[in-house]
Amino acid sequence: MVENQGYDIIGDVHGCAHTLERLLELMGYRVQAGVWRHPQRKALFLGDIIDRGPRIREALHLVHGMVEAGEAQCIMGNHEFNALCWEIRAPAGSGREYLREHNERHLRQISDTLEQFANWPQEWRDFVGWFGRLPLFLDFGLFRMVHACWDARLIQPLREQYPDGRVDREFIEASVERGSFAAQTFDRLLRGTDMRLPHGMTMTGKDGFTRAFFRTKFWEEAPLTYGDVVFQPDALPGEIAARPLSEDQRAELLIYGPEQPMLFVGHYWQQGRPHPIRPNLACLDYSAVKYGKLVAYRWDGERHLDRDHFVWVDVPRLD
């Protein structure tokens, strides 16, 4: 952390390049020598720059240019990780050709990105290489950043192996083994915590994907029901939301305590007016690519979140 440095933490961009430009301009950034810069501040991106949006290539060039110029830092999101695994061939004996299987479901998630880079294959290869060098987290002491969930039980051993949070090709390849430390790390830090729906039930979300799990809060200290821990845009059916959690389920829940440093995450498709979840926790993903808001938090040295430090731009249908 640079002394007396202001930081602007920015949520999931997902290819909304024009909206990102408007947000940066709103915060006082200007283009100088081809890069967005601020005279006193730096930008920090929570990952998920790619997929879904109309200007993915432009968004990547913007963010990458800022990072390379020292005007920003960016952590890995689950979509950058998915792209890496889509492109990297699996180790011999793994039973698959690529780390991420090239099936219809996975193609649907990355198809917009691949289409927008169809005429720039070398650019895409270069960006994929950059994804592999992005850190999985940033810890500035007074505040932290991770795409989906801060789990000290995984981050501490990860730090011992990779102090700056940047993993290597071997660690990425190891994620193909279900249950491995690498697989657990990527899944927890980039996708968060979840819980299986009861009785083998499944739900089809607004994104069209059918899942047997739902995303859960990792900070609720005394939950009693399924509804107390759900954290996703798609609500649980009423009878499931009211279902009591078992003691075993409650014991397995991860808790990011109120005494911990401020934590910023993306990933979760929030709606409404941006606000702190609690004094030390904020999600900055407000569904920009679904015509929601692209949100930033302007950190100026405070130890508790200030709701007046959230800034955003609404995403019009034409972006």
Checklist outcome for this item: Listed by chain and number, the lysines with an alpha carbon less than 27 angstrom from that of residue 206, same-chain partners under 8 positions apart left out, are 217, 290, 293
Checklist entry - So what's the back-of-envelope 222 nm ellipticity for the chain, counting only DSSP H runs of four-plus at -39500 (n - 2.57) apiece and dividing by all residues, rounded to 500? => result -8500 deg cm²/dmol
Checklist outcome for this item: Given 311-317, 283-289, 16-22, the highest-first ranking by average Cβ count within 10 Å works out to 283-289, 16-22, 311-317
Checklist entry - At a 1.4 Å probe, what is the % contribution of carbon and sulfur to the accessible area of the stretch 1-136? => result 45
Item to check | Order by protection proxy (mean Cβ within 10 Å, highest first), peptides 260-272, 104-116 | outcome: 260-272, 104-116
Next on the checklist: Need one number: % antiparallel among DSSP beta bridges in the chain, to the nearest 5.
Outcome noted: 65
Checklist entry - Once the piece of chain linking residue 251 and residue 94 is laid out straight, how much longer is it, given 0.36 nm per residue of separation minus the C-alpha distance between them? => result 53.2 nm
Checklist entry - When only C-alpha pairs under 8 Å and at least 6 residues apart count, what is the relative contact order of the stretch 98-218, in percent? => result 20
Checklist entry - Taking the Cβ-Cβ separation of residue 30 and residue 184 as r and a Förster radius of 35 Å, what is the calculated FRET efficiency to the nearest 0.05? => result 0.25
Item to check | Net lengthening on full extension, residue 61/residue 142 (0.36 nm per residue, minus Cα-Cα) | outcome: 26.2 nm
Checklist outcome for this item: Listed residues 31, 230, 176; largest mean-square fluctuation, Gaussian network over the chain with Cα springs below 10 Å, found at 31
Next on the checklist: Show me the ranking of peptides 177-185, 38-46 by mean Cβ neighbours inside 10 Å, starting with the highest.
Outcome noted: 38-46, 177-185
Next on the checklist: Assuming 0.36 nm per residue, please report the length gained on full extension of the stretch residue 5 to residue 212 beyond their Cα-Cα distance.
Outcome noted: 70.1 nm
Item to check | Between the stretch 65-133 and the stretch 210-281, the alpha-carbon center distance in angstrom | outcome: 29
Item to check | Among 36, 150, 130, residue whose mean-square fluctuation peaks in a GNM of the chain (springs only between Cα atoms under 10 Å) | outcome: 130
Checklist outcome for this item: Once the mean of 1/r over all distinct C-alpha pairs in the stretch 1-74 is inverted, the Kirkwood radius in Å reads 12.2
Item to check | residue 290-residue 204 FRET efficiency (beta carbon distance; Förster radius 22 Å; 0.05 resolution) | outcome: 0.85
Item to check | Apportionment of accessible area to carbon and sulfur, the stretch 183-223, percent (1.4 Å) | outcome: 45
Checklist entry - Which one of 79, 309, 147 has the biggest mean-square fluctuation once the chain is modelled by GNM with Cα springs under 10 Å? => result 309
Checklist outcome for this item: Classified through the alpha carbon gyration tensor (a ≥ b ≥ c as square roots of its eigenvalues; rounded if a/c is under 1.5, else prolate when a/b is larger than b/c, else oblate), the stretch 88-196 comes out prolate
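The values are calculated or read from the model by the stated rules, or taken from the named source; none is laboratory data. This one's a predicted model, so the numbers in the text were calculated from it and none came from an experiment. Glycine gets a Cβ as well: all are built from the backbone with ideal geometry, and neighbour counts include every protein chain shown. Calculation scope for accessible area: heavy atoms of the full protein, side chains included, ligands and nucleic acids excluded. Shrake-Rupley method; radii C 1.70, N 1.55, O 1.52, S 1.80 Å.
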